[in-house]
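Encoded as structure tokens, the structure appears first; notes follow it.
The values are calculated or read from the model by the stated rules, or taken from the named source; none is laboratory data. The structure presented is a predicted model; accordingly, all values stated were derived computationally and were not measured. For neighbour counting, all protein chains shown are included, and Cβ atoms are generated from backbone atoms with ideal geometry for every residue, glycine included. Quick note on the areas: whole protein, heavy atoms, side chains included, nothing else; ligands and nucleic acids left out. Shrake-Rupley method; radii C 1.70, N 1.55, O 1.52, S 1.80 Å.
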Amino acid sequence: MADLGKPQNTIAVLQKYNFSFQKKYGQNFLVDPRVLEKIIHAAQVGQEDFVLEVGPGIGTMTQYLCEHAREVVAVEIDRKLIPILEDTLSPYQNVEVLNQDILKVDIGRLIKERNQGKPIKVVANLPYYITTPIIMGLFESRAPVESITVMVQKEVAERMQAGPGTKDYGALSLAVQYYAKPEVVANVPPNCFIPRPKVGSAVVRLTRRKDKGIQAEDEKLMFCIIRASFNQRRKTLVNGLNNAPGLAFGKGQVIEALETMGLSPNIRGEALSLGQFAILSNLLGQNRQ
Ligand code: SAM
């Protein structure tokens with residue numbers, strides 16, 4: 001099978017199957033062998049690896065993964081792509097395509113059944129409309145995922161890496177950094193895809209933290225506090241947490257916790273680091289019991 005990373009080969013497959021792109025599935029197929037090699041290299045895919053690919057499309061990156069990994073499972077929602085994948089991936093014996101919605105796949109179970117519960121790598125050119133639920137789903141499942149190397153919208157990659165006090169800093173930065181170390185490994189312009197997306201893209205590698213790093217006693221509470229703080233970005237933290245549905249901490253309670261931490265009662269959520277959010281949620285959580 002010809003290298004689908006080359007635009008002319010992708011076009012030939014699309015024509016052969018008279019394929020029409022489905023906007024609702026975020027279908028932008030990568031056509032640049034150098035970017036594909038870069039992704040494989042950044043993900044450090046080797047002969048011992050089991051790789052989960054989200055959204056193989058016509059199998060472009062899947063070909064590269066099959067060449068480098070021990071085993072690949074690729075989950076594709078669009079059933080019209082399944083016969084195409086059967087064709088483009090026919091030379092490879094180390095791949096299985098599942099026609100499913102990745103958000104409905106039990107990742108922990110898949111890893112247990114296919115890789116004896118041992119850590120896997122996730123590599124994907126993600127459908128941008130569900131980037132956050134896919135990544136958060138992988139982290140929150142607590143399944144053994146060693147790293148996630150993915151193409152995302154450039155702005156999203158910047159938000160994942162952002163620190164306190166910057167305009168990109170928000171709930172996504174904190175959630176990603178709680179679980180992993182994010183690194184942008186490549187910027188990818190729209191002309192590397194068919195069809196061209198309206199936005200710039202970037203490849204980001206999220207390496208799962210091995211140590212526990214920052215630990216909140218009640219993760220759920222900490223992420224509720226984080227979301228509430230950034231939902232009302234221009235409000236002080238005290239007012240934000242006081243107004244948040246489902247939390248309703250009294251102003252006095254929040255001020256007391258901030259004082260214990262040596263922080264001003266007028267501080268905004270965007271000024272707090274991940275460590276400070278963890279301490280704040282531990283203090284507020286204790287008072288709630
Ligand atoms: N991997 C291919 C490539 O690099 O050329 C295609 C990437 S394209 C950006 C995203 C792919 O994800 C499409 O094939 C799309 O049909 C698939 N997809 C969209 N939503 C999905 C979902 N919920 N579960 C699984 N696959 C999905």
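Observations, loosely collected:
- In segment 196-206, the residues that are open to solvent by 50 Å² or more (accessible area, probe 1.4 Å) and in contact (Cβ under 8 Å) with a residue 40 or more places away in the chain: Arg196
- Output for segment 134-144, where each listed residue is farther than 18 Å from Arg227 by Cβ and more than 16 Å from the ligand (Cβ to nearest atom): Arg142, Ala143, Pro144
- Picking from residues in segment 103-130 that are more than 15 Å from Ala69 (Cβ to Cβ) and touching a Leu at 6+ places or on another chain (Cβ under 9 Å), the one that is surrounded by the most Cβ atoms within 10 Å (Cβ to Cβ) is Asn125.
- Within segment 111-140, tally of residues that are closer than 16 Å to Lys210 by Cα and either of a type outside the set (D, E, K, R) or in contact (Cβ under 8 Å) with a residue 40 or more places away in the chain (or both): 6
This table checks each residue for (1) away from the ligand (no atom under 15 Å from the Cβ); (2) at pLDDT 95 or above; (3) open to solvent by less than 10 Å² (accessible area, probe 1.4 Å).
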position: Glu146; (1), (2), (3): yes, yes, no
position: Gln153; (1), (2), (3): no, yes, no
position: Met160; (1), (2), (3): yes, yes, yes
position: Thr166; (1), (2), (3): yes, no, no
position: Pro190; (1), (2), (3): no, yes, no
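Residues checked against (1) without any contact (Cβ under 8 Å) to a residue 24 or more places away in the chain; (2) closer than 21 Å to Glu217 by Cβ; (3) among the hydroxyl-bearing types (Ser, Thr, Tyr):
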position	(1), (2), (3)
Val238	no, no, no
Ala244	yes, yes, no
Leu263	yes, yes, no
Asn266	no, no, no
Phe277	no, yes, no
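- Looking at Asn282, Asn266, just one residue is among the polar types (S, T, N, Q), open to solvent by 50 Å² or more (accessible area, probe 1.4 Å) and modelled with pLDDT of 90 or more, and that residue is Asn266.
- The number of residues in segment 1-53 that are of a type outside the set (A, V, I, L, M) and assigned to a loop (DSSP other than H, G, I, E, B) comes to 18.
- Looking only at residues in segment 57-78 that are open to solvent by less than 20 Å² (accessible area, probe 1.4 Å) and assigned to a loop (DSSP other than H, G, I, E, B), the one that is farthest from Leu126 (Cα to Cα) is Ala69.
- The residue list Ala216, Ala248 contains one member that is of a type in the set (A, V, I, L, M, F, W, C), exposed (fewer than 13 other Cβ atoms within 10 Å of the Cβ) and out of contact with any strand residue (DSSP E or B) (no Cβ under 9 Å at 6 or more places or on another chain), which is Ala248.
- Criterion: open to solvent by less than 10 Å² (accessible area, probe 1.4 Å) and at negative phi - qualifying residue of Val54, Val45, Val31: Val54
- Against the test of being near the ligand (Cβ under 10 Å from one of its atoms) and either under 16 Å from Tyr17 (Cβ atoms) or at pLDDT 95 or above (or both), the options Glu96, Glu86, Glu76, Glu71 yield a single qualifying residue, Glu76.
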